[in-house]
């Protein structure tokens with residue numbers, strides 16, 4: 001129930017936001033709800049006497065993938081808003097022309113938060129929701145998928161603003177080299193670990209091997 005309430009409240013609050021940083025804050029609450037779906041699956045599997053090793057592995061994979069995803073988006077937001085001084089979503093209008101690199105990298109991160117293939121966010125949600133189904137929490141997996149679909153509204157609204165809305169200023173926007181490299185590196189991880197998730201899965205498997213679960 002806590003997982004369902006957390007992701008639902010986070011998504012509903014994010015739907016109403018016009019400030020990009022506040023929107024991402026509420027988005028983080030919703031993502032925490034998805035993480036708790038995996039935690040609930042571990043508990044349900046353990047109570048049922050089944051093997052719960054896949055649950056912790058899925059949670060760790062989601063956390064690592066979310067780390068790459070969220071950093072990519074926030075680095076891009078910081079790079080853009082520091083130059084424009086505007087934290088509103090409307091301030092991102094025309095960013096595909098003013099700063100195509102950061103607009104593209106941010107889009108990769110937003111699609112991963114949405115759970116769009118072939119990003120790491122898609123793989124993470126697939127593991128989380130499948131763990132819930134395998135643990136008998138089908139209703140919770142359904143709630144999670146509905147919430148994930150609802151989040152498409154505010155994530156894609158940002159993408160639409162950057163690519164389809166006209167900019168008030170045509171001045172080009174660049175970023176400092178460290179921020180640019182950090183954004184590119186994390187966005188690359190979002191794609192690489194989405195297409196080839198085996199390294200993160202192996203890392204998560206090794207991490208849970210010593211845990212006495214189930």
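So how much slack lies between residue 185 and residue 29, counting 0.36 nm per residue of separation and subtracting their Cα-Cα distance, in nm?
Details: separation 156, 0.36 × 156 = 56.16 nm, distance 2.45 nm.
Here the answer is 53.7 nm.
Name all residues of the range 1-42 having a backbone nitrogen under 12 Å from the label point set 7 Å from the Cα of residue 88 along its Cα→Cβ direction, giving them as ranges.
Under 12 Å, as judged by backbone N against the label point of residue 88, lie 18-20 of the range 1-42.
Let me check against my output: what whole-number percent is the relative contact order of the chain, with C-alpha pairs under 8 Å and at least 6 apart?
Reported as a whole number, the value is 31 percent.
With r as the distance between the Cβ atoms of residue 177 and residue 18 and R0 = 45 Å, compute the FRET efficiency 1/(1 + (r/R0)^6) and round to 0.05.
0.90
If one takes the longest principal axis of the Cα atoms in the chain, at what angle in degrees, from 0 to 90 and to the nearest 10, does the Cα axis of helix 54-84 lie?
On a 0 to 90 degree scale, this one is about 10.
Enter the Cα centre distance for the pair the range 86-135 and the range 152-187, rounded to the nearest angstrom.
Taking the Cα centre of the range 152-187 as reference, the centre of the range 86-135 is 12 Å away.
If each residue of separation counts as 0.36 nm, what is the full-extension length gain between residue 157 and residue 170 once their alpha-carbon separation is subtracted?
2.6 nm
Relative to the longest principal axis of the chain, what angle (0 to 90°, nearest 10) does the C-alpha long axis of helix 100-114 take?
The helix 100-114 is inclined about 30 degrees to the chain.
Kindly provide the pair-distance distribution of the range 98-214 built from C-alpha pairs, with 10 Å bins from 0 and whole-percent values in order of increasing distance.
12, 31, 32, 16, 7, 1
Going by alpha carbons, how many degrees (0 to 90, nearest 10) lie between the helix axis of 20-47 and the longest principal axis of the chain?
That helix lies at roughly 10 degrees to the long axis.
If you take the square roots of the eigenvalues of the alpha-carbon gyration tensor of the range 136-186 and sort them as a ≥ b ≥ c, do you get rounded (a/c under 1.5), prolate (a/b over b/c) or oblate? The partial results should precede the final answer.
On the way: a/c = 7.18, a/b = 1.85, b/c = 3.89.
Judged from the Cα gyration tensor, the range 136-186 comes out oblate (a/c at least 1.5, b/c at or above a/b).
With just the Cα atoms of the range 2-209, tell me how far they stretch along each of the three principal axes, in Å, largest first.
Result, largest extent first: 61, 33, 21 Å.
No value in this document is a laboratory result; all are computed from the given coordinates. Note that the structure is predicted; figures quoted are calculated from it, not measured. Using ideal geometry, Cβ is built from the backbone for each residue, glycine included, and neighbour counts are taken over all protein chains shown.
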